Every structure is written in structure tokens, then in C-alpha cells.
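The values are calculated or read from the model by the stated rules, or taken from the named source; none is laboratory data. These numbers come from a predicted model, not from an experiment. Heads up, the Cβs are rebuilt from the backbone with ideal geometry, glycines too, and the neighbour counts pull from every protein chain shown. Note: areas computed on protein heavy atoms with side chains; ligands, DNA, RNA excluded. Shrake-Rupley method; radii C 1.70, N 1.55, O 1.52, S 1.80 Å.
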Amino acid sequence: MQQRGIMVDVYELDVVAPDSLGRFVYRWYGPPDRPPADLDLPGVPEPLAEWHRLAARYTFPLSRDHEMLEPGSSRFWQGLFDWYSYDAEAFTAGALDPEVIERDNLRTGLPLSRFLVYAAVYEATYAPLHGLVHMDPNPETLRAVKVRLRELDDSLWQWPDPAFSYYGDDDLLAHLGPDRIVIAARHRDALGRFDGLGQHWDWDSRTL
């Protein structure tokens, strides 16, 4: 599939499915560099166990902005100002894919399996090796970036605020909204797509 001459290959994110996490991680980070780990994680929801089995196969950490906590409690993803848990009562009662709860009391409406795909994309976007950031962009700059990308189809990518959305293709991810342009790339050369804008970036990994 192509759009405006841009190759689009993010099908695992357009329709988030049970295998989306593994497919995204493989596409974004490449083949794993470690053998499969024999992780015994009793009492842990299967979607979260899958994350840990997948992460154990990569030397490069899949979670770098937030901390993916070791299994032991229902809290699993910790940021500086936010944290996320799964509904432990529902899991104990038999829910195989319990809902995620933010800051202990805000129900997200997202099952753990979908939320972990969101977490993987968030980490890839907000803690990249290659990327661009511009805060408080003017509307013209924001539009110019948007037309060089494609908005991801699944409704997950407008969570938690529809004013913001994730965009991407095979080599790029972006989180765009009224107050930010955050772009991540699988490799340095992919950022050249935005050089013609003449934009001053608050952060450009190529200048470091």
C-alpha cells in the first residue's frame, strides 16, 4: 500500500490484534539477539507474561521512558508522574485479559493486551535512538508533518485524548497534537523526510 509516495507498512498497528505486540517489536527493533528465555511467571496475566518473554530476547530494553516493573504485583508500568496496574480483582476472578487502571483509580477501558501494544509504541516514540521533537508547533508546521505520514487506523492511537494521535509507516512513528511533534525513526536516514520543512527542532538526534 502506498500514500503520497510513502510506503505504508504498519498493519499490525492499524488493527491491533493478539499478535500485534510481537509483530511490532520484530519490525521496529529487528530480529531478537537473545535465545528464548524459559520464564516461569505463575500468577501473571498472559499478555504481561508475553511482554516479559519478548523483552528477555532483546538486549536493547523495550521500555526506557517508563519502567516495566518485574512481576510481583498488579502494577506493571511506572513513569515519573504516572503508573499503571491491571485489575487484580478481575484477574483473580478469572479475567484472562484484565482492564488497565491508571494511578490506582482511573479505569482506562483498555484490556491489558491492547495497552501493552500502546506501551511498546509509546516507548519506541518517546525514547528513540533517532528522532525529532518540536514543542508548541504552529498549525502550518503541524500540517506539513502530518501530510508526510499516515494516521494509524485503530482507535487505540487516539487514547487517551482524541486531540492527539499516532502516525507512522515502516520506518517512522510520530505522536502529533496541538502542543507537540514527536517523531521517532528506525534509522537516521528516515528523518530526512522532514528536512525540507526548514524547521528548527527542539531536539534532533542527528545533531548530538
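Data table
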read-out: Extension reserve of the Trp203-Asp161 stretch, reckoned as 0.36 nm per residue once the Cα distance is removed; value: 12.7 nm
read-out: Between helix 112-126 and the chain: long-axis angle, C-alpha atoms, 0 to 90°, nearest 10; value: 40
read-out: Of Leu173, Leu149, Leu197, the one that fluctuates the most in a GNM where the chain has Cα springs shorter than 10 Å; value: Leu197
read-out: Most positive-pole-ward Cα, Ala55, Trp203, Val44, against dipole of the chain from beta carbon charges; value: Trp203
read-out: Cα-projected label distance for Leu106 with Asp65, points at 7 Å along beta-carbon direction, nm; value: 1.5
read-out: Cα centroid of the range 87-151 to Cα centroid of the range 11-84, whole Å; value: 14
read-out: Most fluctuating residue given options Pro31, Pro98, Pro47, as computed from a GNM of the chain linking Cα atoms under 10 Å; value: Pro31
read-out: Share of alpha-carbon pairs per 10 Å distance bin for the range 34-80, given as whole %; value: 26, 56, 18, 0
read-out: Per principal axis, descending, Cα span of the range 86-199 in whole Å; value: 56, 27, 22
read-out: Binned Cα-Cα distances of the range 98-160, short to long, each 10 Å bin given as a whole percent; value: 17, 39, 31, 13, 0
read-out: Calculated P(r) of the range 144-208 - Cα pairs past 15 Å, %; value: 52
read-out: Stokes-Einstein D for the chain, Kirkwood Rh over Cα pairs, 10 °C, 1.306 mPa s (µm²/s); value: 88
read-out: At R0 = 35 Å, FRET efficiency that the Cβ-Cβ distance of Glu89 and Asp33 yields, to 0.05; value: 0.35
read-out: Leu110 long-range amide H proximity, modeled H, under 5 Å; value: Val100
read-out: Stretchable slack from Asp195 to Tyr58, in nm (0.36 nm times residue separation minus alpha-carbon distance); value: 46.2 nm
read-out: Fraction of accessible area attributable to carbon and sulfur, the range 61-208 (%, probe 1.4 Å); value: 51
read-out: At R0 = 45 Å, FRET efficiency that the Cβ-Cβ distance of Ala17 and Arg188 yields, to 0.05; value: 0.90
read-out: Solvent exposure of the chain as accessible area per residue, Å², 1.4 Å probe; value: 50
read-out: Computed label-point distance, nm, for sites Met135 and Ser73 using a 7 Å Cα→Cβ extension; value: 3.0
read-out: Rg over Rh [alpha-carbon atoms, Kirkwood Rh] for the range 42-114; value: 0.95
